[in-house]
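In what follows, a structure is listed as structure tokens, so that the remarks can point back to it.
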Amino acid sequence: MDKENRSFVNASQIRAARALIDWSQDNLAAASELSVATIRKIESGHISPRDKTMDAIVVALKQAKVEFTPSMGVRLRSNDIVILEGDDCYLQLLDDIHHTTKGGKGEVLFLYYDARLTSEFETDAEIRIRREGIKWRFLCEEGNTHLPFPLEEWRWLPKEFFKRNIQVIYGGKVALGCYIDKSRELTTKMVIVDSAPLAESARNSFEFMWANCRKPTFSTAPKVYE
């Protein structure tokens, strides 16, 4: 989560957010993977939480469709479209993937993925999610051998069909982003659509492409992670 969005969330907003969705402190603690004592101390103002702790709380509440506003308020999301903005938008997406798939829920499918564009911090976040047992598969550009995960997780999409954007399918969600043509870096905006029918349709398209694309036979990535 970007620092600016985190900075305006305070204890009263957290209490109001819980009330909005009828959550107890126990509910919030379970969803954010923190102790009830920590939640209690933050809400009472007895401690100033570390960034990582506040991130966990805010992400958990956002998963429950709560939005925090710059005017120090809270509200329920009125629709199923979330826009992630900032230089760390892919890290924000990985946070959402982690919370959506925790407990081994399904697979994460990446279309138009290029691991050469992933930063060290982003790779570390990907590895943390994978260690929880979530299965991942990737469709990347034909000829790209920078494949930092096991070869069975990859298929080559023919160059004429590879687009400079990224699509991620997980749970009942589809996330969309795009690359800047000149620099081939991620933009500072990604869109998550929370729609089970859309995710099912996107997943079927992915499976068709997966079944008809070639499997790479080697990797030139400096390190291959399990």
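The values are calculated or read from the model by the stated rules, or taken from the named source; none is laboratory data. Computed from a predicted structure; not experimentally measured. Counting neighbours? That spans all protein chains shown, and the Cβs are built from the backbone with ideal geometry, glycine included.
Give me the pairs, please: first residue somewhere in the range 134-158 and not assigned by TED's automatic domain parsing to the domain that holds LYS105, second residue anywhere and buried (at least 19 other Cβ atoms within 10 Å of the Cβ) and modelled with pLDDT of 95 or more, beta-carbon distance under 9 Å, and either six or more positions apart or on two chains.
Close Cβ pairs satisfying both conditions: none exist.
Quick one: in the range 181-206, of everything that is at pLDDT 55 or above and of a type in the set (Lys, Arg), which residue is farthest from the chain's Cα centre (by Cα)?
Step by step, filter the range 181-206, then rank; the result is ARG203.
In this structure, does VAL66 turn out to be more than 22 Å from ILE129 (Cα to Cα) and either modelled with pLDDT of 90 or more or buried (at least 20 other Cβ atoms within 10 Å of the Cβ) (or both)?
The answer is yes for VAL66.
Please specify each residue of the range 69-105 satisfying the condition of being under 20 Å from GLN13 (Cβ atoms), buried (at least 20 other Cβ atoms within 10 Å of the Cβ) and aliphatic (A, V, I, L, M).
VAL74, LEU84
For residues that are free of Cβ contacts under 8 Å to residues at least 40 places away in the same chain and surrounded by 14 or more Cβ atoms within 10 Å (Cβ to Cβ), tally how many sit in the range 48-63.
Final tally of qualifying residues: 6.
What pairs can you find where one residue is in the range 211-226 and closer than 9 Å to LEU151 by Cα, the other is exposed (fewer than 11 other Cβ atoms within 10 Å of the Cβ), and their Cβ atoms are less than 8 Å apart, with a gap of 6+ or different chains?
What qualifies is LYS215/GLU152.
For residues that are within 13 Å of the chain's Cα centre (by Cα) and within 18 Å of ILE169 (Cβ to Cβ), tally how many sit in the range 84-106.
14
Just give me the residues in the range 123-154 being buried (at least 20 other Cβ atoms within 10 Å of the Cβ), part of a strand (DSSP E or B) and of a type in the set (D, E, K, R), in sequence order.
Across the range 123-154, there are no qualifying residues.
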